[in-house]
Amino acid sequence: MLAAPNAHAVAAMALTVVALYLFTRDKWPLELTSLGLLAVLTAGFALFPYQDFDPLHLFYGFAHEALIAVCALMVLGQGLVRTGALEPIGRMLAHLWARAPRFSLLVVLVVGAVLSAFVNNTPIVVLLLPILVSVCLRSGTSPSSVLMPMGFATLVGGMATTIGTSTNLLVVSVAADLGLPRFGMFDFVVPAAIAAGVASVYLWLIAPRLLPDRQLDLTDASPRLYDARLLLSPGCRACGKTLAETIALSGGQLKIQRIRRGDTFLTPLPDVVLKEGDQLRTRDTPQNLKAFEEALKAVLYSGDNRVDEDHPLTAENQVLAEIAVVQGSDLDRTNLAYARFIDRYQLAVLALHRAGEDILKPDEEIPEVVLRTGDVLLVQGSGDQVTALKKSTEFLVLDSSIDLPKTEKAGTALFILALAVGLAAVGLLPIAISALAGACFMLLTRCLSLGAAIRAISPSVYFVVVVSLALGMALQETGATIYVTEAFLLMTADASPTVVLSALMLMLAVLTNVISNNAAAVIGTPIAVGIAAQLGLPAEPFVLAVLFGANMSYATPMAYKTNLLVMSAGNYTFGEFVKVGTPLTLLMWLTLTWVLSAIYF
């Protein structure tokens, strides 16, 4: 008979359910949701004390070693991206693809998986996406058949070491907090490698056949913008009016880049009074430009010619390109207006897409949209500007050219990362200390600016980890984990240890595709330890079941941030992620169940 939990345990479990629900909602930022949950949790224990538990202990997540290690590793990974330290690998893969595309896909899967075992998979995906798009467009291969397998390979490879993903670090650290021996960096590499081998065969031979043959087409994705001049001729309605009044006459849509008056240029301020002979420089679609000409009774020019049937509008040297917002970008968590994107890069943004859908609200303009990782911008500008954008390492540009950035600091960044990982691997320093020291050296050697390092730390990951650790502590202190453990064992009564372990892993695999994988891992780890204690079995396989299950973020695009990047680049649908990711999840679940059972039972 299952004993009823106490009131505090019920409240902790109820708040956990609310947290898991809120983590699935896009309406509120994860940072705000996490802080709100932490406030409710701490205030609840302060107003309704539980035995001798101090609610201030719930803030320990802000200084938890796992969180420090996660943040430091994010900075190290960003250092590789900014310096182009992985550029030689990218070049090698690009050359190999030109000779043997089929074999090259397998090499890409293996390289992506191996690199992701030591570096957060986000910079790996950022490196490989433009290379794969380029070689596919050049060879006539469909990019959609290879981008998703590559993204999944990096997720699979990240399971192999304690530093492969933030989820691994959290599970290992929480298990150590619960009294288990700390896992070494390569302690579970064998089961992970076996599962990765099985997954690689699926991603190489089967997954591409399940995906559509969809070519990327940027030529007619949106109306082109044209540079033009509006000459204020005699009788023009704008003469004698301020710029603000002139914009109002055009319906509020006219955007003036500069004003030429004789041989001088005026700043386009709202209170500038326009005069006859002024030339207003603007950029818009042909339909809008002709509408402005009619509304103002001005004369529309393109170059030195008046726009008419004999001299239509032309957009010389103008190209379209898709750029994706990546973690650490200047556009992550801000909007185009605040980032002064148009002024800084001289590129016009024609459209925005989030997970394949238009994200503009009815009352919102493109420059006002707060962007996030995975969003895609369709931009137009000169080819030189797009090339410069690629070399800035700020964005992920998808086109048919291979132009990987590399700086003189690339070797330094790679050495710093190798040293940080090596010191942790041999046990000389904990990963939190070695990674933090490595991040500091990245800054001292100018491999990374302070601003770039700060932007590399994902606020959503940071705060979700903090509140997840707090919820995990509340569940443990109130006895809620004991209750959940007993309920789980009651549902799996008389089942073998293998079935119990398999059920636990499957539960985490389902959770991680609808909520934060870090939250699922932190909450699931104490339950795994409790299950092992109740069954009188070693805790390691059950903890690993949580670790592996929480990493199976394959079935939905929102399960992991790199899935969103891949979805945008390959123009995938939600259903295509389910179609390819669900069999991969089942394959990994069955393989790891067999491997863990063979090793531990």
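Some values worked out for this structure:
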{"quantity": "Cβ-placed point charges (K, R +1; D, E -1), dipole of the chain about Cα centre in debye, nearest 20", "calculated": "880 debye"}
{"quantity": "In Hz, Karplus ³J(HN,Hα) per residue of segment 181-189 (6.51, -1.76, 1.60; θ = phi - 60°; x = Gly, Pro)", "calculated": "x, 6, 5, x, 4, 10, 5, 10, 5"}
{"quantity": "In Å, descending, principal axis extents of the Cα set of segment 14-165", "calculated": "68, 29, 25"}
{"quantity": "Dipole of the chain [Lys/Arg +1, Asp/Glu -1 at C-beta], most positive-end residue of 289, 525, 114", "calculated": "114"}
{"quantity": "Ellipticity estimate at 222 nm from DSSP helix runs (n ≥ 4, -39,500 (n - 2.57)) divided over the chain, nearest 500", "calculated": "-17500 deg cm²/dmol"}
{"quantity": "On Cα atoms only, tilt of 7-22 relative to the major axis of the chain in degrees", "calculated": "30 degrees"}
{"quantity": "Point-to-point label distance, residue 281-residue 495, nm (Cα→Cβ direction, 7 Å offset)", "calculated": "6.9 nm"}
{"quantity": "Label-point gap, in nm, between residue 265 and residue 440 - each point 7 angstrom along Cα→Cβ", "calculated": "4.7 nm"}
{"quantity": "Charge dipole of the chain about the Cα centre (unit charges at C-beta), most positive-ward option of 94, 234, 40", "calculated": "94"}
{"quantity": "Unsatisfied cross-links (Cα-Cα over 24 Å) in the set 27/255; 275/297; 27/579; 241/290; 255/275", "calculated": "27/255; 27/579"}
{"quantity": "Euclidean distance of C-alpha centroids, segment 435-455 and segment 469-535, integer Å", "calculated": "37 Å"}
{"quantity": "Nonlocal amide H pairs with residue 333, under 5 Å, H built at 1.01 Å", "calculated": "371, 372, 373"}
{"quantity": "Rg and Dmax of segment 226-306, Cα atoms only, in Å", "calculated": "11.1, 29"}
{"quantity": "Global geometry of segment 501-544, whether rounded, prolate or oblate, following the gyration tensor of its Cα atoms and the 1.5 cut on a/c", "calculated": "prolate"}
{"quantity": "Packing rank of 83-96, 168-181, where each peptide gets the mean count of other beta carbons within 10 Å, highest leading", "calculated": "168-181, 83-96"}
{"quantity": "Quotient of Cα Rg and 2.2 N^0.38 Å for the chain, N being how many residues it contains", "calculated": "1.10"}
{"quantity": "Fraction of alpha-carbon pairs over 13 Å apart in segment 516-570 - percent", "calculated": "61 percent"}
{"quantity": "Cα pair count fraction exceeding 18 Å, expressed as % - segment 95-198", "calculated": "50 percent"}
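All of the numbers you see were taken from the coordinates with simple rules; none came from a lab. Computed from a predicted model, the values in this text were never measured in an experiment. Every residue, glycine as well, gets a Cβ built from its backbone with ideal geometry; the counts of neighbours run over all protein chains shown.
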